[in-house]
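I have placed the structure first, in the form of C-alpha cells, so that the comments after it can refer back to it.
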Amino acid sequence: MSLSESLLHRDPAPGRGTIGRPPDYLHDEHTLRSWFFSIDHKRIGILYLLSITFFFVLGSIAAGLIRLSLVVPNGAIFSNDTYNKLFTIHGVVMVWFFLIPSIPTTFGNFLLPIMIGARDVAFPRLNRLSWYIFVCGALFTLFTIVVGGVDTGWTFYAPFSTTFSNTWVIPALLGVIVVGFSSILTGLNFVVTLHTMRAPGMTWFRLPIFCWTMYATSLIFLLATPVITIALLLLVLERAFGIGIFDPALGGDPVLFEHLFWFYSHPAVYIMVLPGMGVISEIVPAFAQKKLFGYRFVAYASLGLASLTFFVWGHHMFVNGQSEVASLSFSLLSFAVAVPSAVKVYNWTATIYKGSIKLDTPMLYAMGYIGLFVLGGLTGLFLATLAIDEHVHDTYFVVAHFHYIMVGGTALAFLGGLHYWWPKFTGRMYPEGWGRVSAFFIFIGFNTTFFPQFLLGYLGMPRRYHTYPPEFQLLNILSSAGSLILALGYIFPMIYLVWSLRYGKRAPANPWHARGLEWMTTSPPPKHNFETPPTVDFEPYDYRDRESRV
Amino acid sequence: MKPDQQALALWPTSASLNAAETDHLVFGFTALTLLLTVPIFIAITVFAIWFRDGRIAHRSYRENRNRLLEVSWMLIPFLLTLVFFYWGARMFDTQKHAPGDAIHISAIAKQWMWKFQHPGGQAEINDLHVPAGQPVVITMISQDVIHALFLPALRIQMETLPDRYTELWFKADRPGTYRLYCSEYCGTDHSEMGGYLTIMQPAAYQRWLERSSTPGSLVAQGRAAFSAHGCSGCHDGGGMVRAPSLAGLFGSPVPLASGGTLVADDGYIRDKILDPGRNQIAGYRQLMPSFKGAIDEGEMIALVSYVKSLGSAAPSEGATP
C-alpha cells in the first residue's frame, strides 16, 4: 500500500485534543496576534477571505442601491452625482477589491501549497505583506470613495478623471495603485512556489488544474499589473501637476489612456475567469467521481487563455476612431479566445458523461457556472463582432455580458469552491439543504437580474444612465426584482456558513471522496499541512476505482 | 415631437438598411449560439440525471481523452463563428467608408449637450434632423471630455473625442423620430445628454432647412473667419509672405519637410491652424502662428468648411485611402 493510499483510507478525527496529533491550524494559537502576524498561508488565506467578503458586501450594497434607483426612469431617488458615485463604488470595489483578489488570494493561498504537498508558499513573509498592502490600499480607497466620493466610474477615463471631475480622484487612484502591488506579490509568490516547492513526485502534469490556472493567473498578475500601475500613476501626475499626458488641452491624448487601461483591464478579466475555471475543474471530477476529461488540453487551454488575453485589448475600442486594420485584427483575435474556452466547457461536459453524479451544493454551483459562463462567453463573441459592437458598445448589453462572466462565472465558482472546501477550511460541514436552496436562489435571481439587461442594451439603453426613457421601465423593474432574489441567495450562505462554524457537523478529512492532496490531510489541516511530508505517486483526478461500479 | 412610447419595448425600431442587416446578423449569431449551447445544457442535465450516483447505468468504455473529439469541438465552433466575424467585418468596412455624395453635418459635444450644424449654417441643440434616402456624414468633436454619439435606430455609434475629429455615416430610410444618446460616460448629467433624431422625407428636410434661421452658410461663416483672423493676408496669395495656396488643398496629399506625405483632411486642417509647427510642409518656412485658444470648435468647423470649399482634389471626401 502506497503512502497516498494509506492516507486516503484513513479518516482522521478533527484536530483538537486528539492524543499524539498536533493541533490543527485553527487551534494552534488563539491570540489576535497569532492571526495578524501569522505567516501561515492558511491563516493568511482566511484573512483574505474575511477581507474580500467585507468588500463584496459593500459592493453588493452599492449594486442594490443602483437597482433601487433604476426602478423609476426619472432618477427621483438619488441625485445624478450620487448615482454616479454609487456605480463608481460598485465598480471599483467589486473589480479591484473582490473579483481580482477573490479566488487567488483565498483558495489559492489556502490550497495551492497543500495541493502540491508543500508546507507553505515560497515567501511566507511576502505573503503576509501582500495582505497588509491589500488591506491598507483598499481601505484607503474605500474611505475616499465612500466618504468623499468619486464619480469617474472604475474605468477612470481621461480627460474626465484628470481635468473635469471635481471629486476625490487622486486618493482613490493611489489606493488602487497600492493594491496592485499586493497582486504582483501574490503572483510572484505563486509562480515561485509552483516552480520550487512541489513535493517529490508532483510533476507538472500531476498538478490539479486549479494549480495550472493559478500559475496562468499569476503570470497575468506579474505581466499586466505593472501596466495599470503606470497608467494610473500617469493620471495622478496629470491631475496633480498638470503634466500633459492624456488631456489634449495639455498636449496629451485621451485614446492613449484607453489603450493603457485596457491593456491591463482585458487580461484582468482572465485574472477573474481563470481561477474560476480552476475551481470548476476540481468540483466536476469530484462530484462525477471520474477523471477530468482531456487533462492536458484543459491545462494548456489555461496557458493559452493567459497568452491570448494580452492581444485583444483593442476590442474595447472599436468605436473610438481606432484604425480599421487594428479593429479587424482585434476582432479576429478575440474570436480566437473562443477556442481554449470551448475546450474547457466541452471537456467538463464530457467529464460528467458516464460519471456517478452527486448533485450536492458545489456541483449545483458548477453546473450553474457552466451554463452562465457559456452564455457570457458567447455574448462576448457578439461584442467582438464589429458591426454588432457598433450598436451595443457601452450599452446594457455589455453590462449583462460581463456580469454573466464575472457573477455567473467568477462569483458562482467562488461560492462553489467555498462550499467544496469549507469542510477543509473550517473542519465543519454546512447544512446541505440550505446550500442547495441558496444555489437555486442565486441561479434564478442572477438570470432574472441580468437577462433583461441584454434586451435593454439591444434596445439602446446606454450604461451608467441614472435616468432613462420610460419604455425601458418594465425591463428595469424585472432586473431590480431579480436582484432581490439574488441578494437572498447571497445572504443565506453568510448565515448558515457562520452557523456551521459552531453547530455544523464535524467534517471528516475527505467528505466528498475526492482526490488530491488537500483531501489526504485532516480537516482542518495541521499547522504544517501534513503530518509527514507527502510523496506523490498517483495521477491527478485518480477516480478509477469507481469505474468498477458499473 | 417624441418617439412612439410603448409600455414595454422588446426590440428597437430599425430605420436603415444597416440597422436591418445588424438585426439579421444578431439573429443568425443567436441561432448559432443556441446550436452550440443547447446541446451542452441538455447533455449536462441528462448526464446528471442518467448517471446520478447510485443509479445503475452503463458506465463502461469510459474515456479520459479523445484527441480527435477534443480538436473537433475546439475548431468546429470556432470556424462556424468566423462566418459572423466576416459578416460583421464586412459591414464595419462599409461603415468606415462614406459615399462621396453625402451631406456633411457637424456635431460638437460638450458637457452635457449636442450641437449639430448643417451645411447651410442651421444649428440645433440636442436635436438632429436628417433626410431619408441620402447618405449623411456626421463629423464630430468634443470641447471637453470624451462623449459618444449613439443612434440606436440606425445601430451605430461613435466616440466624440476632444481635439480630434471622428465621423460616422448612415443612410436612413424610415422617416420618424428616434432617440439619440451620449453613450460614453461624461460626468454628472451624462444620462440627460441626449435628444431626438428626426428622419424626414427629403422635401420635408428642405422645407425644414429653409424654415430654420441661419447666420449664413458654414462656408460663408468660414470665409468671414478667414478674413477676421487674418488668414487671408498670407493664404490668398496677395501678401508679402509666401504661404501655401489653399485652393485644391482638401483631400490632396501634402509633402512634408521630413519626407512622406499627409492627406489634407478635416483633422489635418484643424491641426495646422492650432499647431502649425507640427508636420512642417516641404518647401515652406514655418512662419504661421498658432491659433490655439483664439478659435473655438464651432468657428473651426466653419473654417474647415471654407477650406474644403476652395476645391477638393480627391474624388470622394471623407474616404481615407
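Here are a few things to note about the model shown:
- Of all the criteria given as (1) farther than 29 Å from residue A:515 by Cα; (2) free of Cβ contacts under 8 Å to residues at least 40 places away in the same chain, the one not satisfied by residue A:173 is (2).
- Being touching a Lys or Arg at 6+ places or on another chain (Cβ under 9 Å) and either touching a residue at least 60 places away in the same chain (Cβ under 8 Å) or within 26 Å of residue A:274 (Cα to Cα) (or both) holds for only one residue in A:449, A:467, and it is A:449.
- Every listed requirement among (1) within 30 Å of residue A:315 (Cα to Cα); (2) within 14 Å of another protein chain (Cβ to nearest Cβ); (3) buried (at least 21 other Cβ atoms within 10 Å of the Cβ); (4) out of contact with any Cys (no Cβ under 8 Å at 6 or more places or on another chain) is met by residue A:439 save one, (1).
- Count of the stretch A:470-498 residues which are more than 24 Å from the chain's Cα centre (by Cα) and either assigned to a strand (DSSP E or B) or free of Cβ contacts under 8 Å to residues at least 24 places away in the same chain (or both): 3
- Helices (runs of 4 or more DSSP H) completely within the stretch B:189-237 that count 3 or more residues being over 25 Å from the mean Cα position of the chain (by Cα) and under 16 Å from residue B:308 (Cα atoms): B:218-228, B:231-235
- Tally, over the stretch B:222-244, of residues that are surrounded by fewer than 13 Cβ atoms within 10 Å (Cβ to Cβ) and modelled with pLDDT under 85: 6
- Helices (runs of 4 or more DSSP H) lying entirely in the stretch A:372-431 (those with 2 or more residues that are of a type outside the set (Phe, Trp, Tyr) and within 18 Å of the chain's Cα centre (by Cα)): A:396-403, A:412-426
- If only residues of the stretch B:46-86 that are of a type in the set (D, E, K, R) and closer than 15 Å to residue A:351 by Cβ are counted, the one that is farthest from the other protein chains (Cβ to nearest Cβ) is B:63.
- Selection within the stretch A:286-312 - among the aromatic types (Phe, Trp, Tyr) and either within 9 Å of chain B (Cβ to nearest Cβ) or within 19 Å of the chain's Cα centre (by Cα) (or both): A:287, A:293, A:295, A:297, A:310
- Flag for residue B:187 being small (Gly, Ala, Ser) and more than 10 Å from chain A (Cβ to nearest Cβ): no
- Which listed residue, of B:128, B:149, is out of contact with any helix residue (DSSP H, G or I) (no Cβ under 9 Å at 6 or more places or on another chain) and within 10 Å of chain A (Cβ to nearest Cβ): B:149
- Looking only at the stretch B:196-221, and only at residues there that are at pLDDT 95 or above and small (Gly, Ala, Ser), the one that is nearest to residue B:176 (Cα to Cα): B:204
- Scanning the stretch A:91-140 for residues that are under 21 Å from residue A:176 (Cα atoms), of a type in the set (Val, Ile, Thr) and surrounded by 22 or more Cβ atoms within 10 Å (Cβ to Cβ) gives A:92, A:93, A:100, A:103, A:105, A:106.
- Residues located in the stretch B:31-48, provided they are modelled with pLDDT of 90 or more and among the β-branched types (Val, Ile, Thr): B:33, B:38, B:42, B:44, B:45, B:46
- When residue A:424 is tested against (1) within 11 Å of chain B (Cβ to nearest Cβ); (2) at pLDDT 95 or above; (3) closer than 30 Å to residue A:524 by Cβ, only condition (1) is not met.
The values are calculated or read from the model by the stated rules, or taken from the named source; none is laboratory data. Computed from a predicted structure; not experimentally measured. Every residue, glycine as well, gets a Cβ built from its backbone with ideal geometry; the counts of neighbours run over all protein chains shown.
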